[in-house]
Amino acid sequence: MNWDDAPADTPDRLVGSAADREDQAVEAALRPKELDEFIGQERVRQQLDLVLKAARQRGATADHVLLSGAPGLGKTTLSMIIAAEMSAPIRITSGPAIQHAGDLAAILSSLTEGEVLFLDEIHRMSRPAEEMLYMAMEDFRVDVIVGKGPGATAIPLELPPFTLVGATTRAGLLPPPLRDRFGFTGHMEFYAPAELERVVHRSAGLLDVAIDTDGAAEIAGRSRGTPRIANRLLRRVRDYAQVRADGAVTRETAARALEVYEVDARGLDRLDRAVLHALLKLFGGGPVGLSTLAVAVGEERETVEEVAEPFLVREGLLARTPRGRVATPAAWSHLGLVPPPQGGGTSQGGPGQTGLFGA
Ligand SMILES: Nc1ncnc2c1ncn2[C@@H]1O[C@H](COP(=O)(O)OP(=O)(O)OP(=O)(O)O)[C@@H](O)[C@H]1O
Ligand SMILES: [Mg+2]
């Protein structure tokens with residue numbers, strides 16, 4: 001799957017997948033530390049297990065690894081696990097932090113043998129740095145340019161063998177020569193509800209929150225396939241359970257808490273529901289143009305397109321067609337509305353006729 005149209009950044013949304021400040025503060029404590037503790041992603045985990053075990057048996061440094069997938073699925077977590085499994089130190093940097101090839105040369109030349117270099121948002125690295133990285137990955141060598149102009153000379157510098165772990169939400173943006181230099185690419189998928197349930201249970205244990213099976217299932221079902229969101233919702237539910245109940249999380253407390261935060265049973269929030277509501281109630285399910293839809297919900301075009309729509313499309317509630325946005329039958333039933341008869345005009349009738357932002 002292609003994340004090139006993943007929501008640009010949604011830091012202030014309870015169901016946004018990018019890390020907010022609070023996430024950053026608590027995530028370190030919730031990260032699984034070894035491969036066996038890492039929940040789900042069966043295929044990637046198995047493949048990675050083989051790559052790492054084989055390298056360990058050979059006493060060699062592991063091949064370079066590329067991890068791609070939507071925000072919050074565990075790329076940073078896995079990179080740290082790779083270092084831990086190889087008993088190697090890890091150096092963490094990111095594409096945007098490397099402005100010049102010199103920045104990268106400085107990092108590369110200070111690596112120790114077997115060290116893991118984690119390069120987050122690798123698709124955002126500058127072109128000259130990227131070209132330096134090609135040679136470093138392949139030959140464990142960089143050319144350091146000394147001097148300027150016609151007198152400049154390239155001095156080759158040997159590097160100790162290291163493992164590059166690159167992470168990207170946009171694998172499609174990586175130039176093929178870079179992609180080809182990774183020995184292993186792991187594509188992270190969204191998590192199944194049962195897997196997220198295990199994530200919630202595990203995190204609740206670490207946070208010392210009492211939770212039962214149904215409570216964990218309720219949170220998992222609203223977490224959009226994303227562990228980061230599951231952990232965030234768990235924290236909000238914990239607050240609610242502590243203030244309004246006896247602290248224990250049951251299905252009922254979880255559902256009531258997330259109702260307060262306007263996250264519905266399927267993980268849609270206020271914006272998602274407003275978009276669906278407008279599409280169904282004002283435009284009879286579409287097709288309607290994006291701009292018209294955006295005006296109807298009082299949001300920017302980009303907000304509707306980049307923040308709300310990707311999840312609605314993924315959930316099969318909305319389709320983007322050449323003629324405009326169209327609601328699916330699932331959208332009508334999710335909002336408790338009855339679609340108009342085939343060929344009918346704007347929706348009239350149907351149960352639950354409430355205001356645009358109601359229900
Ligand atoms: N498989 C998993 N099992 C348990 N917890 C997980 C798993 N994957 C992710 N998490 C939790 O989700 C949080 C977010 O994961 P992580 O930071 O690794 O995501 P990411 O893919 O690096 O996101 P981004 O693209 O925003 O950098 C972590 O704190 C971790 O606790
Ligand atoms: Mg990350």
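Between T112 and S94, 0.36 nm times their residue separation minus their Cα-Cα distance comes to what?
Values: separation 18, 0.36 × 18 = 6.48 nm, distance 1.87 nm.
Additional length available on full extension: 4.6 nm.
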| Simple label model, 7 Å out from Cα along Cβ direction - D49 to Y134, nm | 3.7 nm
| query | If R0 is 35 Å, what FRET efficiency do you get for S333 and E22 from their C-beta distance, rounded to 0.05? | reply | 0.55
| task | Would you mind telling me which residue in T321, T77, T153 has the biggest mean-square fluctuation in a Gaussian network model of the chain, where springs connect alpha carbons within a distance under 10 angstrom? | result | T153
| Extension gain, A194 back to A245 (0.36 nm per residue minus Cα-Cα distance, nm) | 15.8 nm
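Taking the alpha carbon gyration tensor of the range 31-187, what are the square roots of 5 times its eigenvalues, largest first, to the nearest whole Å?
On the way: eigenvalues 156, 60, 31 Å².
With the √(5λ) rule applied to the range 31-187, the semi-axes are 28, 17, 12 Å.
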| If contacts are Cα pairs under 8 angstrom and at least 6 residues apart, what is the relative contact order of the range 193-260 in percent? | 36 percent
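Report, please, the projected area of the chain averaged over directions, based on the convex hull of its C-alpha atoms, in nm². List each step's numbers first, then the result.
Values: hull surface 86.0 nm².
Dividing the Cα hull surface by four gives the mean projection, 21.5 nm².
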| Dipole magnitude of the range 270-334, debye to nearest 20 (Cβ charges: Lys/Arg +1, Asp/Glu -1, about Cα centre) | 280 debye
| query | Distance in nm between label sites at K148 and D212, each 7 Å beyond Cα in the beta-carbon direction? | reply | 7.2 nm
| task | Would you look at the GNM of the chain, springs on alpha carbons closer than 10 Å, and say which of E158, E218, E197 moves the most? | result | E158
| task | Calculate the length of the line joining the C-alpha centroid of the range 197-216 to that of the range 78-137, in whole Å. | result | 35 Å
| task | Jot down the radius of gyration and Dmax of the range 184-290, Cα atoms only, both in angstrom. | result | 16.1, 49
| Which whole number in µm²/s is D for the range 270-334 by Stokes-Einstein, with the Kirkwood Rh taken over Cα pairs at 37 °C and 0.692 mPa s? | 295 µm²/s
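Per-residue counts of other Cβ atoms within 10 Å, averaged by peptide: what ranking do you get for 209-215, 91-97, highest first?
Working: 209-215: 18.3, 91-97: 15.4.
Taking the mean over residues of other Cβ atoms within 10 Å, the ranking is 209-215, 91-97.
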| request: Taking the dipole about the Cα centre of the chain, with the C-beta of Lys and Arg at +1 and of Asp and Glu at -1, give me whichever of A308, Q57, L104 is farthest to the positive side. | output: A308
| request: Please tell me the relative contact order of the chain in percent, rounded to the nearest whole number, where contacts are Cα pairs under 8 Å and at least six residues apart. | output: 16 percent
| Roughly what % of DSSP beta bridges within the chain run antiparallel, to the nearest 5? | 40 percent
| query | For V249, which sequence-distant residues (separation of 5 or more, or a different chain) have an amide H within less than 5 Å of its own amide H, given hydrogens modelled in the peptide plane? | reply | A210, I211, D212
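Read-outs: derived from the displayed coordinates by stated rules, not from any lab. Owing to the predicted nature of the structure, the values given are computational and were not obtained by experimental measurement. Here the Cβ is made from the backbone with ideal geometry for all residues, glycine too, and neighbour counts use every protein chain on show.
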